[in-house]
Ligand code: NBP
């Protein structure tokens, strides 16, 4: 007689912790892993004394599952997901559900959803955020896929998910790849938040603060509008000491950043949809630049910058940095939600933006008090076209604006790179511009390629061409927009 409410394949850090979390909430879970010995290691280790059922083959695993069978994969993203889908399908029946909880690319999820549905099964691609700690004690879960599958996993997912103000940080996102798209955007925003904090750190360093002093500043920031998980861990990281050398831990860590691709995917999707996701783009490129360590070391001997030192009031400047960080963060989230709106239109998803903000409010890496404000903004009857236009955020940016500009100016004077702070400010100035220099750009395009232009004194949609040199013809190129 099958006993398991759900089965999970993939006993690495995320899988083990999510299974233990499900067990804590009274669900019986069957587990399997490619390297089968890890099943027994888990049962005699972390899962000792629980009701978790270990399986040593796919057949045994599937036989342990109640109907409809719920098979969750938490394996390395990419080919391993396809490999396990192929392995389990022959053992499943119509109406059974395959769930991919890894960081899969949403395009793969769209493809897999269609494929699995064509085999008479249901499919869910879900983001699971919060790392090890989240998986164990309450992650943010962002499921999308076959709508009929939701009713069969809702109770389990919402029970194990983090709670924010009593509500589960898990709700149905939308069809096919919607869940993974929202998780990808979450990760892109995470890249942006982390880069902004790193720029704040870099400026504090440039004005002579020690890591311990910086930690105190972050501790204070965490009591106000910047209150968030990433500010909190930065406070702790800056206070930590290396047991080997006694130095601040942060000073002994090599300055080359890694990445697993979700930030890059966010940037690619933004480019494909023509959405100006400048801050996340800069955050991804900042990691790429950091990875060119050897080249940078060589260049540092040859390329000179300003020799200035900071002369102002340090305490005041730290407060300016805090405000610049807050304003830039608002820009980043405004851009992130612009991307979600564009994706919803492109893929026909009916995204609930307030619900998404709530899902990110707890359990995940970008969790913050701030997301409560975004949830409120999208919970109103009239949905804002852009977060920057919501009175709360408009006023927050207005208040922070002078400090934000001072920080960017000071960074430029000191030669400290602040691509996220400065691109956020450039976006703000661009977005609020009634007229941009794209008129000249259109003239250039028309000059060299007969790409045509629209006129300020004629209705939109009428296109004109000028024979700029007197030697061109009147044939124009076809018009298109990206
Ligand atoms: P990993 O991403 O390291 O994946 C380990 C699992 O994948 C193991 O079960 C391993 O089996 C299996 N696997 C590998 Br590796 N190659 C395989 C293959 N070719 N065929 C079949 N199985 C294969 O584990 P994780 O860090 O727990 O992450 C799981 C998923 O959750 C990933 O998609 C990850 O991106 C995502 N995620 C991770 C975090 C995090 O903080 N770590 C956070 C959020 C989401 P084996 O034991 O036999 O090697």
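Report the antiparallel proportion of the DSSP beta bridges in the chain as a percent, rounded to a multiple of 5.
Roughly 35 percent of the beta bridges in the chain run antiparallel, per DSSP.
Taking 0.36 nm per residue of sequence separation and subtracting the Cα-Cα distance, how much length would be gained by fully extending the chain between residue 314 and residue 466, in nm to one decimal?
49.2 nm
Among 251, 100, what is the fewest-to-most ranking by other Cβ atoms within 10 Å?
Going from sparsest to densest Cβ surroundings: 251, 100.
Mind checking the full-extension length gain between residue 63 and residue 382? Use 0.36 nm per residue of separation minus the Cα-Cα distance, one decimal, nm.
Between residue 63 and residue 382, full extension yields 109.9 nm more.
Just need the relative contact order of the chain here, percent rounded to a whole number, with Cα pairs under 8 Å and 6+ apart.
The normalised contact order for the chain reaches 12 percent.
On a 0 to 90 degree scale, rounded to 10, what angle separates helix 438-449 from the longest Cα axis of the chain?
90 degrees
Sticking to Cα atoms, compute the Rg of region 258-363 to one decimal and its Dmax as the biggest Cα-Cα distance, whole number, in Å.
For region 258-363, the Cα-based Rg and Dmax read 18.6, 54 Å.
So how far, in whole Å, is the C-alpha centre of region 193-243 from the one of region 275-300?
Centre-to-centre distance over Cα atoms comes out at 21 Å.
If we count other beta carbons within 10 Å of each Cβ, what is the order of 392, 353, fewest first?
Exposure proxy ranking, most exposed first: 392, 353.
Roughly how tilted is helix 106-118, in degrees to the nearest 10 and between 0 and 90, from the longest Cα axis of the chain?
40 degrees
Over region 367-471, what relative contact order in percent results from Cα pairs under 8 Å that are six or more residues apart?
Result for region 367-471 is 11 percent.
Counting other beta carbons within 10 Å of each Cβ, put 339, 292 in order, fewest first.
Placing the least packed residue first, the sequence is 292, 339.
Would you please give the FRET efficiency between residue 253 and residue 51, computed as 1/(1 + (r/R0)^6) with r the Cβ-Cβ distance and R0 = 56 Å, to the nearest 0.05?
After rounding, the FRET efficiency stands at 0.85.
With a Förster radius of 22 Å, plug the Cβ-Cβ distance of residue 347 and residue 119 into 1/(1 + (r/R0)^6) and report the FRET value to the nearest 0.05.
E between residue 347 and residue 119, to the nearest 0.05, is 0.50.
How far apart, in nanometres, would the label points at residue 155 and residue 241 be if each is projected 7 angstrom from Cα along the Cα-to-Cβ direction?
Placing both labels 7 Å along Cα→Cβ, they lie 5.3 nm apart.
Between residue 298 and residue 444, what length in nm is gained on full extension when 0.36 nm per residue of separation is reduced by their alpha carbon distance?
Gain on extension, residue 298 to residue 444, equals 48.7 nm.
Output the Kirkwood hydrodynamic radius of the chain, Cα pairs only, in Å rounded to one decimal.
24.8 Å
Helix 150-160 sits at what angle to the longest principal axis of the chain, using alpha carbons and giving 0 to 90 degrees rounded to 10?
So the inclination is approximately 80 degrees.
State whether region 149-295 is rounded, prolate or oblate according to the following rule on the C-alpha gyration tensor (a ≥ b ≥ c being the square roots of its eigenvalues): a/c under 1.5 gives rounded; otherwise a/b larger than b/c gives prolate, and the remaining case gives oblate.
Note, shape of region 149-295 comes out oblate.
Every number here is computed from the coordinates shown, using simple stated rules; none is lab data. This is a predicted model, so every value here is computed, not measured. When we count neighbours, we look across all protein chains shown, and the Cβ atoms used for this are built from the backbone with ideal geometry, even at glycine.
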